[in-house]
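A.B. asks: The structure's right below; bear with me while I get my questions together.
No lab work stands behind these numbers, since they all come straight from the coordinates. Just so it is clear, the model here is predicted, and its values are computed rather than measured. Glycine gets a Cβ as well: all are built from the backbone with ideal geometry, and neighbour counts include every protein chain shown.
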Amino acid sequence: MFKGLAAVLIGTIVVLTGLGVALGGVLGGTDLLNPETSHAKALQMQQEADLLAQRAAVDLEIYKKEQDARLEFQNQQQSQTLAHQRDRQQIELALLQMRETALTGTMSLVLILAGGGLAFYLVSIGRRAWVRADSRVELHEWQATARRLDRDNKRLMQQWELYQRAIEESVVKGGNGHRKEQVMI
């Protein structure tokens with residue numbers, strides 16, 4: 001008796017399990033038992049994967065091209081900046097050289113004029129001394145004036161040498177246009 005009841009119970013469980021699996025498959029939309037649909041879905045999934053791989057390869061290629069273009073642009077900017085700085089430094093150097101030439105010419109003219117004036121003054125003093133050669137007081141005054149003028153002339157020559165030395169040092173040491181110094185006379 002128990003054998004028959006157990007067999008019915010087991011048969012009922014098997015039938016209910018089969019119906020549950022079939023009902024679950026139908027309601028879940030799976031086509032496990034249909035080989036054509038399963039193969040079609042597998043092909044569709046493979047095509048989608050291939051398409052995604054192609055898109056990734058195209059995206060990578062585009063990214064590489066963008067990076068190359070960006071690097072090229074940065075290199076062009078840097079080379080333009082360097083060329084601009086080089087041109088600017090050359091202009092500044094030319095201006096410094098022109099300023100040096102102008103200062104040298106001006107100082108030369110000042111020294112020539114000062115020396116000419118001094119010479120003219122000395123000649124006029126000497127002429128007065130000749131006219132009044134018999135007077136000892138005037139001779140002493142002439143000598144004092146000559147000594148004073150000689151000291152002034154030496155002082156001017158020392159200033160001129162300092163100026164020339166300052167110009168030579170600025171040309172030798174720092175004449176690259178970066179440092180702007182004024183030469184004090």
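A.B. asks: By how many nm would the segment from Ser79 to Leu95 grow when fully extended, if each residue of separation counts as 0.36 nm and the alpha-carbon distance is taken off?
C.D. replies: Extra length available between Ser79 and Leu95 comes to 3.3 nm.
A.B. asks: Could you give each residue of segment 61-76 its phi-based ³J(HN,Hα) in whole Hz, using Karplus coefficients 6.51, -1.76, 1.60 with θ = phi - 60°, and x for Gly or Pro?
C.D. replies: 5, 5, 4, 4, 5, 4, 5, 4, 5, 5, 5, 4, 5, 5, 5, 5
A.B. asks: Which value, in debye to the nearest 20, gives the size of the charge dipole of segment 34-172 about its Cα centre, when Lys and Arg are +1 and Asp and Glu are -1 at the Cβ?
C.D. replies: The dipole of segment 34-172 has a size of about 1420 debye.
A.B. asks: Any chance you could run the full-extension gain for Ile10 through Leu156? It's 0.36 nm times the residue separation minus the Cα-Cα distance, nm to one decimal.
C.D. replies: Length gained, Ile10 through Leu156: 39.3 nm.
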